[in-house]
Amino acid sequence: MKKWWMVRAGDYNELIPTWKEQGLASIGWPQLGNPRLFSSKEDLERKAQKIYSDSKPNSIRSWVGQVWRFSREIRPGDRVITYSKEKREYLIGSVLEGHFFDNQIGDPDYPNHLRIKWENQTVSRDLLSQAARNSLGSVLTVFRVDDWGSELEKLLRNPSLTPDLTPDDEETEEIVEDLLSKALVMVQDKVDQLDPWEMQELVGGLLVSMGYNVKVSPKGPDGGVDILAFKDAFGFEKPIIKVQVKHRKSTASAPEIQQLLGANPIDANSLFVSTGGFTSHAEAVAKHNSVRLVDLEELVNLIVIWYEKMPSETKALLPLKKMYVPE
């Protein structure tokens, strides 16, 4: 079965002239040596872990997976595409020879090669369907694009075709929702990695961003209250909020809710943050006593909403990047 592959031409498409001139498609990671000399992907990953010891484990696994696919799974007869950002077009070729390792041809930083017969005709990105554009936008160096092979082939052979370019709003919305969902899960994982004292500081910073003055309890016994939040600098103006923060895997219990209710100041509003969630009994007690419960998911949603107004020291606990997506 003919497969379709995307292979990125370097970080800035700088390899395209060499590829066209020498009939190549190439990827890097030269420090690994010839990947075909490894009997298994696990052996290759062990070497990568030694070479790239300062890199994140997930990044190493991703790099090894791409090198392995390039060297073991792409076969003669498969189709390869690459994208030129400058010209906004896709180059398409056929694999003539499978993987070989040679740092004497092409760019020495990209010694893993395929022999490719590149087509003279290219495909403009502007002619692709919205769904194809979205799928082909991955930042990986090597990945399968079988779903769009027939569309690319049709445009390659008939460049005058004008496919339906009406934006698929429903599909775009699904992609955006998927991106947002994945981003929130990633933030949840980062929050989960904080220690209990950092979590208190994070919740305190969240309350500051909402316009409260806060007092975070120092390490040691806190009498059931981790944070006090006031609207005025002296703490005279009501409402006063007393906060308990539990950062652990287990759920918060009803007795812990009652402990917060019984802690001073008695007449303060109560907020209980538990990254492990709450038992059903705890939720019932909280509802009966007007205690506001916040679990990990809601905490992260609030952090994302108020992040820009958080103190710099709080942002340092949880560095986040802003990302724009279509509405």
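The values are calculated or read from the model by the stated rules, or taken from the named source; none is laboratory data. Computed from a predicted model, the values in this text were never measured in an experiment. Backbone-built Cβ (ideal geometry, glycine too); neighbour counts: all protein chains shown.
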(Q) I'm told Ser129 meets every condition in (1) modelled with pLDDT of 95 or more; (2) under 30 Å from Ser160 (Cα atoms); (3) small (Gly, Ala, Ser) except one. Can you identify the failing condition by its number? (A) (1)
Q. Got a sec? Which helices (runs of 4 or more DSSP H) wholly within the range 238-327 have at least 2 residues that are farther than 14 Å from Gly224 by Cα and in contact with a helix residue (DSSP H, G or I) (Cβ under 7 Å, 6 or more places away or on another chain)?
A. 280-288, 296-306, 312-317
Q: Would you mind finding the one in Glu198, Glu256, Glu237 that is of a type outside the set (Val, Ile, Thr) and under 33 Å from the mean Cα position of the chain (by Cα)?
A: Glu198
Q.
Which numbered condition in (1) in contact with a helix residue (DSSP H, G or I) (Cβ under 6 Å, 6 or more places away or on another chain); (2) of a type in the set (Gly, Ala, Ser); (3) closer than 10 Å to Leu24 by Cα is the only one that Gly93 fails?
A. (1)
Q. Only one of Leu140, Leu91 is modelled with pLDDT under 90, under 17 Å from Asn13 (Cβ atoms) and not charged (D, E, K, R); which?
A. Leu140
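With respect to Gly276, is the statement that it is assigned by TED's automatic domain parsing to the domain that holds Leu202 and more than 35 Å from the chain's Cα centre (by Cα) true? If you could, list the steps in order and put the result at the bottom.
Numbers: assigned by TED's automatic domain parsing to the domain that holds Leu202: yes; more than 35 Å from the chain's Cα centre (by Cα): no.
It is false that Gly276 is assigned by TED's automatic domain parsing to the domain that holds Leu202 and more than 35 Å from the chain's Cα centre (by Cα).
Right, Leu152: buried (at least 18 other Cβ atoms within 10 Å of the Cβ) and free of Cβ contacts under 8 Å to residues at least 60 places away in the same chain or not? Write out each step before concluding.
Working: buried (at least 18 other Cβ atoms within 10 Å of the Cβ): yes; free of Cβ contacts under 8 Å to residues at least 60 places away in the same chain: no.
So Leu152 fails the test.
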Q: Give me a count of the residues in the range 198-237 that are surrounded by fewer than 16 Cβ atoms within 10 Å (Cβ to Cβ) and in a strand (DSSP E or B).
A: 2
